[in-house]
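Reading through the structure tokens given below for one structure.
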Amino acid sequence: MKIVVLNGSPKGLKSITMQSVQFIKKKFPQHELEIINISQKANKIKKDPEALKNILEKIKASDAVLWATPVYYFLVPSQYKTFIELILQEDDNINAFRDKYTAVLTTSVHLLDHIAHNYLNAICDDLSMKFLGAFSADMHDFLYDKERQRLLLFVQSFFNGIEKELPTTKKHEPIDYQAIKYRPSKLDRRIDIGKHKCVILNDAEENQSNLANMANEMAANLRGDVEVINLYDIDIKTGCQGCYHCAYDNTCRFEKEDEFVEFFHTKIEPADILLFCGTIKDRYLSSRWKLFIDRTFFKQHVPYLRGKQLGFLISGPLKKNPNLRQAIEAYSDLMGANLVDIITDENESSEEIDALLTSLAQRLIDFAEKDYYQPRYFYSIGGMKIMRDLFWGKYRFLCQADHKFYKNNGIYDFPQKNYQDRLLNNVVIPLTRIPSIRKKLYNSVQEEMIKPYAKVLNKIT
Ligand SMILES: Cc1cc2nc3c(=O)[nH]c(=O)nc-3n(C[C@H](O)[C@H](O)[C@H](O)COP(=O)(O)O)c2cc1C
């Protein structure tokens with residue numbers, strides 16, 4: 001069989017994900033696996049129609065397609081996203097993928113890998129492909145025989161499915177969506193933002209689009225230091241290459257080659273209130289937004305929106321795309337921002353959108369004034385624990401910037417450091433082996449658990 005492997009790693013063949021693909025090639029010599037370096041060649045593929053045509057020809061001639069990619073910010077790298085957008089632009093392109101068997105292989109550290117997998121599954125469904133499953137490997141799994149064997153079982157089942165022409169399930173309905181034309185009221189409601197600084201960042205491609213109108217109307221709601229910036233006006237020459245040059249001291253290899261880092265330091269970092277405004281393209285925001293997010297990787301795992309109030313304005317069918325909502329919430333949480341609300345153009349009337357924008361403006365300012373941040377969700381609490389283990393151990397020598405940050409901010413809060421808990425456990429666990437004590441303990445769990453809370457509450461007048 002002929003399998004086309006669409007490589008999402010910007011590192012080309014020097015990719016961890018591709019080591020698994022090379023392994024599959026070795027173990028299944030009877031099948032031809034052709035690797036196409038999509039992310040590495042994304043600019044060429046975008047500019048040169050022949051390059052895209054060539055890839056589509058190979059896909060048409062294949063028996064199946066394997067999407068093999070690293071997870072970048074709980075999705076795929078921006079370069080891969082650019083390619084997906086390119087395919088979805090033309091019916092002819094989509095037809096090359098139609099009815100092909102397909103599977104997904106990713107490597108990551110399992111930080112929200114499920115969002116990337118949901119996304120790729122949805123893209124395969126949108127391309128009318130026959131989805132035979134996905135495999136999310138930890139980036140180190142390949143080093144262990146047991147995990148390599150697991151991968152072989154997955155691949156074997158993929159190949160069997162193709163050979164036996166198994167029927168497959170579809171998880172996602174196509175999204176059919178037409179927004180109203182948003183006509184802002186342009187009422188002068190200007191709310192004073194006081195000493196705060198606000199940046200409204202958007203990826204509007206047309207002046208009168210819903211997104212441009214929402215971004216401008218939000219600016220019109222605010223009085224003070226407010227700046228509207230279009231992401232396409234920033235010179236960003238390349239996507240993140242995953243080179244880890246930044247891991248030593250947060251210095252990006254491309255710092256001098258384009259405007260991204262300077263833009264980040266001068267516009268994003270000083271802002272207290274941020275509005276991220278994006279257009280939905282396929283099942284996520286645009287690849288331009290993904291480019292922005294990926295390039296912030298030079299900050300490594302510092303929650304770089306800490307202390308900021310954040311709102312999202314979205315043009316497109318967010319209600320039909322819960323995975324994107326989750327990606328936005330996860331991003332905001334992991335970056336430490338206070339996500340106040342997400343406003344879309346999925347409303348019945350322009351007046352409704354106007355009212356929601358004003359309400360968001362008021363809440364952003366109110367929270368900024370009061371310095372309010374919602375408690376963290378699972379995304380950042382769980383995420384920090386995954387990263388904490390890596391920076392404490394295996395990756396400390398590489399990710400020195402992160403190690404310093406985690407150390408200085410008390411994030412190395414390993415439970416074994418809590419000597420009081422350890423002492424308690426050492427005393428109580430042996431005691432629970434005595435049936436009468438065990439019975440007493442478990443019968444009083446509810447009461448005992450609430451005791452410290454009741455103590456605090458009783459002191460409050
Ligand atoms: C810009 C960037 C973003 C990343 N984001 C995530 C992430 O959200 N979740 C995760 O588990 N790993 C993340 N990683 C780790 C990579 O997915 C992991 O190292 C992967 O194995 C790299 O594969 P490759 O060598 O094939 O490119 C990220 C790495 C980079 C460089």
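Since every read-out is calculated from the coordinates, none of them should be taken as a lab result. What you are looking at is a predicted structure, and each value in this text was computed from that prediction instead of being measured. Here the Cβ positions follow ideal geometry from the backbone for every residue, glycine too, while neighbour counts run over all protein chains shown.
Annotation: lysines with alpha-carbon distance below 16 angstrom to Lys26 (same-chain offsets under eight excluded): Lys2. Karplus-derived 3J(HN,Hα) values for segment 370-382, using 6.51 cos²θ - 1.76 cosθ + 1.60 with θ = phi - 60°, are 8, 6, 9, 10, 5, x, 5, 8, 3, 3, 7, 5, x Hz; glycine and proline are entered as x. Close amide-amide hydrogen proximity is noted between Lys281 and Ser286, each under 5 Å apart and 5 or more residues distant or on a separate chain (H modeled in the peptide plane; Pro and chain starts excluded).
Go through segment 61-114 and name the trypsin sites (Lys or Arg not before Pro) that are in a DSSP coil and have 16 or fewer other Cβ atoms within 10 Å of their Cβ.
On the way: sites: Lys81, Arg98, Lys100; in loops: Arg98, Lys100.
In loop regions of segment 61-114 (DSSP not H, G, I, E or B), the sparsely surrounded trypsin sites (Lys or Arg not before Pro) are Arg98.
Computed from backbone phi with θ = phi - 60° and the Karplus coefficients 6.51, -1.76 and 1.60, the 3J(HN,Hα) list for segment 384-392 is 4, 6, 4, 6, 3, 5, 5, 6, 6 Hz; x is used for glycine and proline.
Based on C-alpha pairs under 8 angstrom that are at least 6 apart in sequence, the chain has a relative contact order of 13 percent.
Among rounded, prolate and oblate, which fits segment 58-179 when a ≥ b ≥ c are the square roots of the eigenvalues of its C-alpha gyration tensor, a/c under 1.5 means rounded, and a/b larger than b/c means prolate? Walk me through the numbers before you get to the answer.
Working: a/c = 1.94, a/b = 1.28, b/c = 1.52.
The shape class here is oblate.
Taking θ as phi - 60° and the Karplus parameters 6.51, -1.76 and 1.60, the scalar couplings of segment 85-94 work out to 4, 4, 4, 6, 6, 10, 4, 4, 5, 4 Hz in sequence order, x denoting glycine and proline. Legend: distances between Cα atoms for Lys11/Lys170; Lys195/Lys256; Lys281/Lys320; Lys299/Lys404; Lys385/Lys417; pairs beyond 20 Å are Lys11/Lys170; Lys195/Lys256.
Within the straight-line cut-off of under 26 Å between alpha carbons, the lysines reachable from Lys439 are Lys451, Lys455, sequence neighbours fewer than 8 places apart in one chain being disregarded. Globularity index of the chain is 1.11 (Cα radius of gyration / 2.2 N^0.38 Å, N = number of residues).
Run through segment 58-144 and list the chymotrypsin sites (Phe, Trp or Tyr not before Pro) located in a DSSP loop whose Cβ has at most 16 other Cβ atoms within 10 Å. It would help to have the intermediate numbers written out before the result.
Details: sites: Trp67, Tyr72, Tyr73, Phe74, Tyr80, Phe83, Phe97, Tyr101, Tyr119, Phe131, Phe135, Phe142, Tyr144; in loops: Tyr73, Phe74, Tyr144.
Qualifying residues, ordered by number: Tyr144.
Okay, helix-only estimate at 222 nm for the chain: each DSSP H run of n ≥ 4 adds -39500 (n - 2.57), divide by all residues, round to 500 deg cm²/dmol; what do you get?
Values: 17 runs with 201 residues, N = 461.
Using -39500 (n - 2.57) per qualifying helix, the result is -13500 deg cm²/dmol.
Taking 13 Å as the straight-line reach from the Cα of Lys164, the aspartates and glutamates in range (excluding those fewer than 8 positions away in the same chain) are Asp63.
Rounded, prolate or oblate: pick one for segment 416-459, where a ≥ b ≥ c are the square roots of the eigenvalues of its C-alpha gyration tensor, a/c under 1.5 means rounded, and failing that, prolate if a/b is larger than b/c, else oblate. Oblate.
Counting only GluC sites (Glu not before Pro) that DSSP places in a loop and that have at most 11 other Cβ atoms within 10 Å, the longest clean stretch of the chain runs over 1-164.
Once backbone amide H atoms are built at 1.01 Å from N, Gln300 has no partners under 5 Å, excluding neighbours fewer than 5 places away on the same chain. Taking amide hydrogens as placed 1.01 Å from N in the peptide plane, the amide H of Arg183 sits under 5 Å from those of Ser350, each at least 5 positions away in sequence or on another chain.
Please identify the trypsin sites (Lys or Arg not before Pro) of segment 236-273 that satisfy two criteria: DSSP loop assignment and at most 12 other Cβ atoms within 10 Å. Which are they? Each step should come with its number before you reach the end.
Numbers: sites: Lys237, Arg253, Lys256, Lys267; in loops: Lys237, Arg253, Lys256.
Sparse-neighbourhood loop trypsin sites (Lys or Arg not before Pro): Lys237, Lys256.
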